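So the structure is just underneath, and the comments pick up after that.
The values are calculated or read from the model by the stated rules, or taken from the named source; none is laboratory data. Note that the structure is predicted; figures quoted are calculated from it, not measured. Note that each Cβ is placed from the backbone with ideal geometry, even for glycine, and that neighbours are counted across all protein chains shown. Ligands, DNA and RNA are excluded from the accessible area calculation, which covers all protein heavy atoms including side chains. Shrake-Rupley method; radii C 1.70, N 1.55, O 1.52, S 1.80 Å.
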Amino acid sequence: MTDHTSKDFDHALARARELVGLMAARVERQLADAIDTLQTGSPALIAQILRHEVEVNTLERGIDEFSGQIIARRHPAARDLRLVMSLLGATTDLERVGDESKKIALYARSIFSSGRPVLPRVVELRPMADLVYDMLRQATRAMDALDPNAAAALVRRDLEVNASFRAVLARLAGFMVEDPRSISACLDILFVAKSLERIGDYAKNLGEHVVYAAMGKDVRHATAQEIEQVVRS
């Protein structure tokens, strides 16, 4: 980022980025806790996730309001406007990650209330969950550094997440055929997998916001190869 004649403007942009970084940290923690509830079913951890959801929503509203003030008062142009718009887009996707994390925690509560025999089914989700969490961390680091090089890697990892989701779906279908008593719990696990798949999409979106902020290129729906070509140009 280049300095502006008005130091207040520089401070406002830096503050907006700082707030998004704070929101990203909250959401990362929320997702990590949600993944842990799949192993423990901890009521205390589930309650903490629900509290974090309130904080995330408050941050989203605060960032939206602050960014609106920057646009109204400073009338940013070109790169600065792209940055503000990208930050707004990022907060939307981060809030959605928070929503999905809350859903995961609530599904975990339902799964554990059904009894311990379904826990081996939950273990099936761990590789997918770890992949999605790593994606989110990679995306938020890219947003913090405004590094567009991560975007192509995020597209590729999202394809891995989609493949993992299909594999989990196939295994759960087999479990339900083998033991119809597990259908209800397996459906909860399937919904968790779907939430994880959506979080992968939102992490990919964060990478796309970074490319737009840094380079002014709209790479939504682009392939990894196309994004790499944009970043190299």
Problem set entry | the stretch 116-167 - residue that is open to solvent by less than 20 Å² (accessible area, probe 1.4 Å) and modelled with pLDDT under 90 and, of those, farthest from Leu190 (Cα to Cα) | Val118
Exercise. Among Val54, Val84, which is the only one that is at pLDDT below 95 and in a helix (DSSP H, G or I)?
Worked result: Val54
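I need a count of the residues in the stretch 65-81 that are assigned to a helix (DSSP H, G or I) and either small (Gly, Ala, Ser) or more than 19 Å from His11 (Cβ to Cβ) (or both). Steps first, answer last, please.
Start the filter on the stretch 65-81 by keeping residues that are assigned to a helix (DSSP H, G or I), which leaves 65-74, 78-81.
Right, trim to either small (Gly, Ala, Ser) or more than 19 Å from His11 (Cβ to Cβ) (or both) and you get 67-68, 72, 78.
Total satisfying the criteria: 4.
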Exercise. Is there any pair with a first residue in the stretch 98-110 that is polar (S, T, N, Q) and a second that is buried (at least 19 other Cβ atoms within 10 Å of the Cβ) whose Cβ atoms are under 6 Å apart and which are 6 or more apart or on different chains, and what are they?
Worked result: Ser101/Gln30; Ser101/Leu31; Ser101/Ala34; Ser110/Asp188
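Let's see how each residue does on (1) polar (S, T, N, Q); (2) over 27 Å from Asp201 (Cβ atoms); (3) out of contact with any helix residue (DSSP H, G or I) (no Cβ under 7 Å at 6 or more places or on another chain):
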| site | (1), (2), (3) |
| --- | --- |
| Lys7 | no, yes, yes |
| Val27 | no, no, no |
| Ala34 | no, no, no |
| Thr40 | yes, no, yes |
| Pro43 | no, yes, yes |
| Leu50 | no, no, no |
| Glu53 | no, no, no |
| Leu87 | no, no, no |
Exercise. Has the stretch 21-42 got at least one residue that is farther than 22 Å from Gln138 by Cβ, among the small types (Gly, Ala, Ser) and surrounded by fewer than 16 Cβ atoms within 10 Å (Cβ to Cβ)?
Worked result: no
